[in-house]
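The values are calculated or read from the model by the stated rules, or taken from the named source; none is laboratory data. The structure displayed is predicted, hence computed values, not measured ones. For neighbour counting, all protein chains shown are included, and Cβ atoms are generated from backbone atoms with ideal geometry for every residue, glycine included. Just the protein is used for accessible areas: all its heavy atoms, side chains included, with ligands, DNA and RNA removed. Shrake-Rupley method; radii C 1.70, N 1.55, O 1.52, S 1.80 Å.
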Amino acid sequence: MRFAVFASGNGSNFQAIAEATIQGEIPGELAVLFCDKKNAYAIERAKKLQIPAIAFSPQDFATKATYEAEILHLMEEEHVELIVLAGYMRIIGPTLLEGYKQRILNIHPALLPNFPGLTGIRDAFESGVHETGVTVHYVDAGVDSGPIIKQEKVLRHSEDTLASLEQKIHQVEHRIYPEVIAEVLQNIQSKEERKKV
Ligand code: GAR
């Protein structure tokens, strides 16, 4: 079963997912990395891992709908069955949501519904909470909203700095996202097999 990862920047989650796929821990094929920024570091990682990468930005299109229609076309051409957002810092619009109903996952570095948005780790750190964490969820039309699949807590100790908290959260992300993707792909596959019977 083929899936795609979408990223906007560093791509450390993309790399963890790609490595888990190469090691056979994810029962699927990472068909393509899509980036909305042509200079995203994730693209360098894809080159090293020999995974096809495509980048174009919404600014290259007249509307968000035409931008997403182009992505949708690309996903269908690549026979992608699941889209995995990994640091893709855009709201998914109706075009992609319609095309991939219940087939788009996202990871967020906080215990949703707390601290959604672009700076979840910093917001949790600055608010002084004693625990934060990681959430993996299905994507809907909102910002970091949609049915939650898995959450894991990360404790924030008094000696933690923003950097040490970030590091702990990323370690959890890199472990649990591949696990959740594996489970979701297995579920899709078993549902499709049951349909055939
Ligand atoms: C990750 O921490 C991810 O959870 C977060 O962006 C980071 C991307 O890092 N996503 C969000 O904040 C979504 N609202 P990466 O590019 O190194 O994988």
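Selection of the stretch 60-92 for residues being within 16 Å of the ligand (Cβ to nearest atom) and not charged (D, E, K, R) yields ILE83, VAL84, LEU85, ALA86, GLY87, TYR88, MET89, ILE91, ILE92.
Residues in the stretch 97-133 that are aliphatic (A, V, I, L, M) and either within 17 Å of the chain's Cα centre (by Cα) or surrounded by fewer than 23 Cβ atoms within 10 Å (Cβ to Cβ) (or both): LEU97, ILE104, LEU105, ILE107, ALA110, LEU111, LEU112, LEU118, ILE121, VAL129. Taking the condition in contact (Cβ under 8 Å) with a residue 24 or more places away in the chain and out of contact with any Pro (no Cβ under 7 Å at 6 or more places or on another chain), does THR135 pass? Criteria met by THR135.
Among residues of the stretch 96-122 that are assigned to a loop (DSSP other than H, G, I, E, B) and at pLDDT 95 or above, those with a beta-carbon under 7 Å from a residue that is open to solvent by 60 Å² or more (accessible area, probe 1.4 Å) and not β-branched (Val, Ile, Thr) at least six positions away or on a different chain give the pairs LEU111/GLN151; LEU111/LYS153; LEU118/MET89.
Scanning the stretch 1-20 for residues that are in a helix (DSSP H, G or I) and not hydrophobic (A, V, I, L, M, F, W, C), we see that the one that is farthest from ASN106 (Cα to Cα) is GLU19. Criterion first (touching a strand residue (DSSP E or B) at 6+ places or on another chain (Cβ under 6 Å), of a type in the set (D, E, K, R) and either away from the ligand (no atom under 12 Å from the Cβ) or more than 22 Å from LEU97 (Cβ to Cβ) (or both)) does GLU131 satisfy it? Judged against the criteria, GLU131 is a match.
Checked against the criterion of being part of a helix (DSSP H, G or I), open to solvent by less than 50 Å² (accessible area, probe 1.4 Å) and either in contact with a helix residue (DSSP H, G or I) (Cβ under 6 Å, 6 or more places away or on another chain) or under 23 Å from LEU96 (Cβ atoms) (or both), the candidates VAL172, VAL136, VAL184 yield just one match: VAL184. The set of residues in the stretch 21-59 that are open to solvent by 50 Å² or more (accessible area, probe 1.4 Å), in a loop (DSSP other than H, G, I, E, B) and either out of contact with any helix residue (DSSP H, G or I) (no Cβ under 8 Å at 6 or more places or on another chain) or within 16 Å of the ligand (Cβ to nearest atom) (or both) comprises GLN23, GLY24, LYS37, LYS38, ASN39, GLN50.
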